[in-house]
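Note sheet for the following structure.
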Amino acid sequence: MELASYLAGERWSDHPACTHPLLAALARLVNDNTDDENRAKLVHLVPSIIGLNSDDLRVDAHIALRCATTALPVAAAERQLALAVSVLAAEEMLARLDGAPSGRMSERSRRAMAEVPHAAEQARRFSRAARITEKGFRRYAAPNAVQLAVVGIVQACIPDPDALLRRLLEETIEECATLIHPATTEASTLTPAHA
């Protein structure tokens, strides 16, 4: 994030204004929890996060959801309930922001929840009783989802947690780019025959 601030022409900081705060937090967490060899593989991502910023709460919700659904199937049992609640909170916030019915879930969320049925059922019971505000989601729930997800992946019993962290960051950057700059993203995916 410090390199991103420098490349964007900002003062040296790991909290650059050119990047969405939650995406920057994810990038810092991935960087800090990756070994030196794999950290070098993150450098090429720096230019792609410059200019990815928005006040739209949907961006926070998509970042939190991507993190929670990635970590939920691999996290230890003691983290699954909190991650499942994070999935439901992000889905609920997206439904509310889109004016969609409560309880709507993306296919990715359904798949992640299906892999942890006990935690998913507990999370549903807990979530029925709780209603989070937009301010509470942005300030607490979304950042907690990102933090829980990264720690859950780091501590997971999987062969290569660094690779999963890197993939999570790459996919989150790609999703943010699509949300924040949809026209640019669509244009870059056109093949030369269509351009």
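The values are calculated or read from the model by the stated rules, or taken from the named source; none is laboratory data. These figures come from a predicted structure and were not determined experimentally. To get the accessible areas, we keep the full protein, side chains included, count just its heavy atoms, and leave off ligands, DNA and RNA. Shrake-Rupley method; radii C 1.70, N 1.55, O 1.52, S 1.80 Å.
Please state the equivalent ellipsoid semi-axes for the stretch 104-178: what are the square roots of 5 times the Cα gyration tensor eigenvalues, largest first, in whole Å?
23, 18, 13
Could you work out how far the C-alpha centroid of the stretch 46-74 sits from that of the stretch 143-187, in angstrom?
For the stretch 46-74 versus the stretch 143-187, the Cα centre distance is 7 Å.
Of all accessible surface on the stretch 52-195 at a 1.4 Å probe, what whole percent is carbon and sulfur?
55
Using modelled backbone amide H atoms (1.01 Å from N, in-plane), which distant-in-sequence or interchain residues come within less than 5 Å of LEU52's amide H?
HIS20
So what is Rg over Rh here for the stretch 38-90, counting just Cα atoms and using Kirkwood for Rh?
Computed over Cα atoms, the ratio is 1.09.
Compute the Cα gyration tensor for the stretch 25-136, then decide on rounded, prolate or oblate, letting a ≥ b ≥ c be the square roots of its eigenvalues: rounded whenever a/c is under 1.5, prolate when a/b is larger than b/c in the other cases, and oblate in all that remain.
oblate
Residue by residue through the stretch 151-168, what is 3J(HN,Hα) from phi via Karplus (6.51 cos²θ - 1.76 cosθ + 1.60, θ = phi - 60°)? Round to whole Hz and write x for glycine and proline.
4, x, 6, 4, 8, 6, 8, 10, x, 9, x, 4, 5, 5, 4, 4, 5, 4
Using a 1.4 Å probe, what is the accessible area per residue for the stretch 57-195, in Å²?
Accessible surface, normalised per residue, equals 52 Å².
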